[in-house]
Structures are given as C-alpha cells and as structure tokens.
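Next up is a structure, given as structure tokens.
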Amino acid sequence: MKQLDGYSMMIVCKYLKQFRDVRNLGLVSKKNSELPLKFHFNPISVTQKSRKFFPKMQTQYLYTANDEIIENMDKYIITYPIDVKYVLNPTLLKTEKKITTDNIKYVNVCLTQTIPTHQLMELKISKFAVDVPKDLTDYSPLNYATRLCPSFFAYNSLTSFKFPNTMRKFGKELFSGCSQLVEVDYAYSSGTIKERTFSGCHALRRVKLSPFNSLRELTLIDIKVVNVSVNGNEIYGRVPYRIFKTMKNVVCNEVFFGKEDYMKGEKQIPDGVVSIECGCFNCLYDLKEMNIPDSVTEIGDCAFHRCAALTRVKVSKNLKKIGWMAFGFCEKLTNIEFPPSVNTIPTRCFVECSSLETVKGQNLTNIETEAFLDCKAKVVKA
C-alpha cells in the first residue's frame, strides 16, 4: 500500500463498496489522510452525512436507484440502468429525484417501449449503453446505438440478427443462451466480438463478419457446424487462426495464434500467423520445442510461461516485440537467439530460467528491470 501514489489511491477508491473503507485508507498512511479532498466527484455512494468528507465534490455519481441526492451539484451522472421514459422526459426524473439542474448524464438506459425515430434522434442514443428487456421484439431503436451491454440478447428467442453499421462496441456474452439463433450478420459495424458471445447457441449455423471486426478467443463459435464469412473479401481486425483458416478467399493481416488454436489440434504455429496470443502455451508442461514462423512479429505476455520441458525455440526472423514474462520459468531452455529487429528484453522475460546460458541478439540495447530475475544468462551480441 505504501508504494501507491495519490493518483493510484484514487483509482483504488473506485473499487470500494462502503464509505468506511475510504475513510480507513486515511489510517493506513499519513499521505492518505487528505485523500477525500482530492475528489471532485464521489467514488462511492454518499449520503447527506458522508458528503462532508468530500468537500470539493461538484459531480454526483448515482450508483443505485436508492442513492441519496446531494443538492446543488453541478452535474449528476446516473450509472445504474434507468428506464428510457426518464430520458425522454427529464422533468419526470427531476421531480422524482428532486434534481434542480439540467446537467444529467445517463450511462445505461433500458428500452422498455418502442420509441419513434424522431425521439431517438433527440435522445442521441449513441452516447450511452443500451439494455433491453427479454420480451422486447422491436429492435429498430438499435439503428441509432453504437454500443451494447454485456449479455444484451442473452436467453432471447430471436433466430437471426443483423447489426446496424453504427455499432462500435459489443459486450461479453452478447448472445449467450440464445438456443434458437441461426444467423448473425455484423454488416459493416466495427468492434471486438468478445468472450462467450455465442455460448449456448446450439442452432447457430452462419456468422457473417464485418471487415472491421476483431475476434477474441473463446467466442465459442463451433467452426465444425458454423459457416464464418465476411462482408467483402478482407478483414482488418484480429482473427484467431482456427477461424481464419475456415474462411475462403479472405485476406487478413492480423491472424493470431492462441491457446484455443493449440487445444483444438494445432500443435505448431502455422505460417501466416502474425502474433502469438497472451498465455498461448502457458503451463504446457509437455511442450519441448517450438518453431516460430517468420510471419510472426509479436510474442504476447506469458506466451511460453512455465513451459518446463521447453528446450529449444527457433524465433521468427521478423520478430519485433516480446511480451512480459514471455519465457518465464522455462527451466530447461538453454539458449535463444533474437533477430536484429528486437531491441528490448521486457520485465521478467526470463525469470527463473535456471538453465539459460546465453541470449543472443544484434541490437539488444534495452534490458528492462528484472528481465533476468533469478537467471544467470548472459546477453551476447550475435
């Protein structure tokens, strides 16, 4: 705790649940005694009684519907899901909550009714996340939305969905539990398709990606039965190798290799892969050697972490970046050579590599702190 500066402590406060926890931080160290004075907003819910501990507070965040309203604030930010009727009619909210200012910001709005197009334009729906009840069947309001909350369609009965081109951000588990979903078209939206997006979508057969989409691992697209294609013939985002290889006549410059690729049967990194995902081979105790093709330019954090049997790695000639702890605890690795394009050995890259003797590289000029923690290897110019 003593190593955290004032700014870091303010960040910590945002994750606390009760006021007494913030107050107790001041008892940990003298430098935290004036921590509440630094806030111009409330990091947690406040009452009229606890408000005095934040004397410089100008903006009140409302975290739950039961939060007390502190009068005469310059701005109110409502973070809990709020019914769209209050957004359409701010006077109703101001009357119920006894808010005097018009400066109110909404973060998460729940659509409980069909909204005419002209009202949507007035709402500027792109400024906040949108949530919907499970029984809503008219999704036309989404034509003006730019981001969707996690589990937005979860356990819905819809069979197909096409995203508007305005969409920019998707939450996790977006279609989770949609057992009747057959087809999804991302049109020309942009944003990352996240973890467990298609969990439990057993009827899914077609996913059409946007050229501007990226996919994370564990989206749970079953490539054995799902046809994955792209609107166009090129995709600019990051795509896992196992999905990319199923798409015909599609160009992708950001193909990555992840743990899911390895677990599904790809035991060596194929040519054409650009990056090795974070934790890709983490804790694979039977991995003995690896040939990294010359198409790879980046090795992610902890990529080969705790590969205790790894003895040899042939590195890509075009490698540019190595992640944090990429080869940490590779106890049987004896030597490794990097191309001239690599100039940095990051923090804890070779921590506890007890058998490592030499690390070769022509331009290894930046050796970060603890890069060779508990490792006696020497850096040798190739």
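Around residue 162, which amide H atoms from residues at least 5 apart in sequence, or from another chain, sit under 5 Å from its own amide H, with H modelled in the peptide plane?
Result for residue 162 returns 185.
Where does the chain land at 222 nm, in deg cm²/dmol rounded to the nearest 500, when only DSSP H runs of n ≥ 4 count, each adding -39500 (n - 2.57), divided by all residues?
Here the helix-only value at 222 nm equals -3000 deg cm²/dmol.
I would also like to ask the following. Where q = 0.16, 0.25 Å⁻¹, what log10 of I(q)/I(0) comes from the Debye formula for the range 1-101, counting one point per Cα?
-0.71, -1.39
Related question: Please give, to one decimal in nm, the separation of the simple spin-label points placed at residue 297 and residue 318, each 7 Å out from Cα toward the Cβ.
So the label points at residue 297 and residue 318 sit 0.8 nm apart.
On the first, second and third principal axes, largest extent first, how far apart are the outermost C-alpha atoms of the range 291-340 in Å?
The Cα atoms of the range 291-340 stretch 26, 18, 16 Å along the principal axes, largest first.
With no solvent and one equal point scatterer placed on each C-alpha of the range 137-241, evaluate the Debye formula and give log10 I(q)/I(0) for q = 0.12, 0.17 Å⁻¹, two decimals.
-0.33, -0.71
Apply the Karplus parameterisation 6.51 cos²θ - 1.76 cosθ + 1.60, with θ equal to phi minus 60°, to every residue of the range 291-304 and state each ³J(HN,Hα) to the nearest whole Hz, in sequence, with x for glycine and proline.
With coefficients 6.51, -1.76 and 1.60, one gets 9, 8, x, 5, 6, 6, 10, 9, 10, x, 4, 6, 4, 10 Hz.
Explain nothing, just compute: Karplus ³J(HN,Hα) = 6.51 cos²θ - 1.76 cosθ + 1.60, θ = phi - 60°, for every residue of the range 89-97 in order, whole Hz, x for Gly and Pro.
Karplus values, whole Hz, x for Gly and Pro: 10, x, 4, 4, 5, 4, 5, 5, 8.
While we're here: Taking amide H atoms as placed 1.01 Å from N in the peptide plane, list the residues 5 or more away in sequence, or in a different chain, whose amide H sits under 5 Å from that of residue 230.
Amide H neighbours of residue 230: 209.
How compact and how long is the range 255-382, expressed as Rg and Dmax of its alpha-carbon atoms in Å?
So, for the range 255-382, Rg and Dmax equal 13.1, 38 Å respectively.
In a shell of Cβ-Cβ distance under 11 Å around residue 380, excluding residue 380 itself, what net charge do Lys and Arg (+1) and Asp and Glu (-1) give?
Overall, the nearby charge balance is +1.
If each residue of separation counts as 0.36 nm, what is the full-extension length gain between residue 227 and residue 382 once their alpha-carbon separation is subtracted?
Working it through step by step, the gained length comes to 51.1 nm.
Using Cα atoms only, what is the angle between the long axis of helix 19-28 and the major principal axis of the chain, expressed in degrees (0 to 90) to the nearest 10?
Once rounded, one gets 50 degrees.
Please list, in chain and number order, the residues 5+ apart from residue 338 or on another chain whose amide H is under 5 Å from its amide H, with Hs placed from the backbone.
Amide H to amide H, under 5 Å and 5 or more residues apart or across chains, residue 338 pairs with 360, 361.
While we're here: May I ask you to evaluate 6.51 cos²θ - 1.76 cosθ + 1.60, the Karplus curve with θ = phi - 60°, for each residue of the range 99-106 and list the ³J(HN,Hα) values in order in whole Hz, giving x for glycine and proline?
Using θ = phi - 60°, the values come out as 9, 9, 8, 8, 7, 10, 10, 10 Hz.
Rounded to the nearest whole Å³, what is the per residue volume of the convex hull around the Cα atoms of the chain?
It is 170 Å³ per residue.
Would you list 151, 210, 354 from fewest to most Cβ contacts within 10 Å?
With the fewest neighbours first, 151, 210, 354 line up as 354, 151, 210.
Bear in mind that the values in this text are calculations on the coordinates, not laboratory data. Only a predicted model underlies this, so the values are computations on that prediction, with no experimental measurement involved. Counting neighbours? That spans all protein chains shown, and the Cβs are built from the backbone with ideal geometry, glycine included.
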